[in-house]
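The values are calculated or read from the model by the stated rules, or taken from the named source; none is laboratory data. The structure displayed is predicted, hence computed values, not measured ones. In this analysis, Cβ positions are derived from the backbone assuming ideal geometry, glycine residues included, and neighbour counts consider all displayed protein chains. Ligands, DNA and RNA are excluded from the accessible area calculation, which covers all protein heavy atoms including side chains. Shrake-Rupley method; radii C 1.70, N 1.55, O 1.52, S 1.80 Å.
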Amino acid sequence: MVKQERAMRTRAALVKAAAAEFDRAGYEGTSLSRISKSVGVSIGAVTFHFASKSELADAVQEAGRSVTRTAVEGVGAGSRSALRVVVDLTLVLARLMEREPSVRAAIRLSRERPDAVPWSEVWLPTVRMLLDEAYETGQLRAAALPADVTTLVEYLTSGAEAYLRSRMSSDVAFESAVAQLKRLWHVALAGVAVDTGANEPGCPTLVTTVDPGVAGSSAVALGEDCQ
């Protein structure tokens, strides 16, 4: 029993150390020897739990997905509108990226390992389901198709990760990705163009309407052509 508990602790420590290394150096830049030194165990101890670096990377990705899955399940609770839940979900994802090396590692590994399961598969289907509901219940304008807004969410989330990755390697203080994403959602929901009635042909018309389910926000028409 004692040996089993010790083995479980060692395995968890290896996954944690590997997450930090994969997050920092990527798949190709990470070595089992460096991970073993970080944990204070031999290479043999590492390969006892994980036969290869690929197998260890799989475990790290699953750890990141598990943390994300739990967070996504928690966001859905309550009586908020579907659109509000989508916004909150992206903020939770940004917070996870800030705080959880396993999540950042899972994102990076899903890019660097072609056959890996994308991290976004944990939360993207939920976002699409919520946006379908938002569209059907009038929380989105007719031109704001769920597929297009889902793509917007993907861009915002990817942008938050890219922002964090470029800043976290620096010693310079930087703004929270969560705070930045909140401002970007305000812009997206409120719109950026003033409807003057004199729009040029081919430009997008952004028309806002108040979404009662999103406090202080509006639903915005994306992708309508100017008349």
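Here are the numbers for the structure shown:
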{"quantity": "Extreme residue, nearest to residue 75 (Cα to Cα), among residues of region 123-143 that are outside any helix (DSSP H, G or I) and hydrophobic (A, V, I, L, M, F, W, C)", "calculated": "123"}
{"quantity": "Every residue from region 21-43 that is more than 25 Å from residue 164 (Cβ to Cβ), in contact with a Ser or Thr (Cβ under 9 Å, 6 or more places away or on another chain), open to solvent by less than 60 Å² (accessible area, probe 1.4 Å) and not in a loop (DSSP other than H, G, I, E, B)", "calculated": "32, 36, 39"}
{"quantity": "Selected residue [within 26 Å of residue 167 (Cα to Cα) and modelled with pLDDT under 95] from 104, 113", "calculated": "113"}
{"quantity": "Answer residue from region 108-119, given it is over 11 Å from residue 26 (Cβ atoms) and among the hydrophobic types (A, V, I, L, M, F, W, C) and is most open to solvent (accessible area, probe 1.4 Å) among those", "calculated": "117"}
{"quantity": "From the options 147, 179, 105, 160, residue that is within 22 Å of residue 71 (Cα to Cα), hydrophobic (A, V, I, L, M, F, W, C) and exposed (fewer than 13 other Cβ atoms within 10 Å of the Cβ)", "calculated": "179"}
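Residue by residue, here is whether (1) among the basic types (Lys, Arg); (2) farther than 30 Å from residue 189 by Cβ holds:
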| residue | (1), (2) |
| --- | --- |
| 30 | no, yes |
| 34 | yes, yes |
| 107 | no, no |
| 116 | no, yes |
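One line per residue, one yes/no per condition, for (1) open to solvent by 70 Å² or more (accessible area, probe 1.4 Å); (2) among the charged types (D, E, K, R); (3) modelled with pLDDT of 95 or more:
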| site | (1), (2), (3) |
| --- | --- |
| 65 | no, yes, yes |
| 74 | no, no, no |
| 86 | no, no, yes |
| 92 | no, no, yes |
| 123 | no, no, yes |
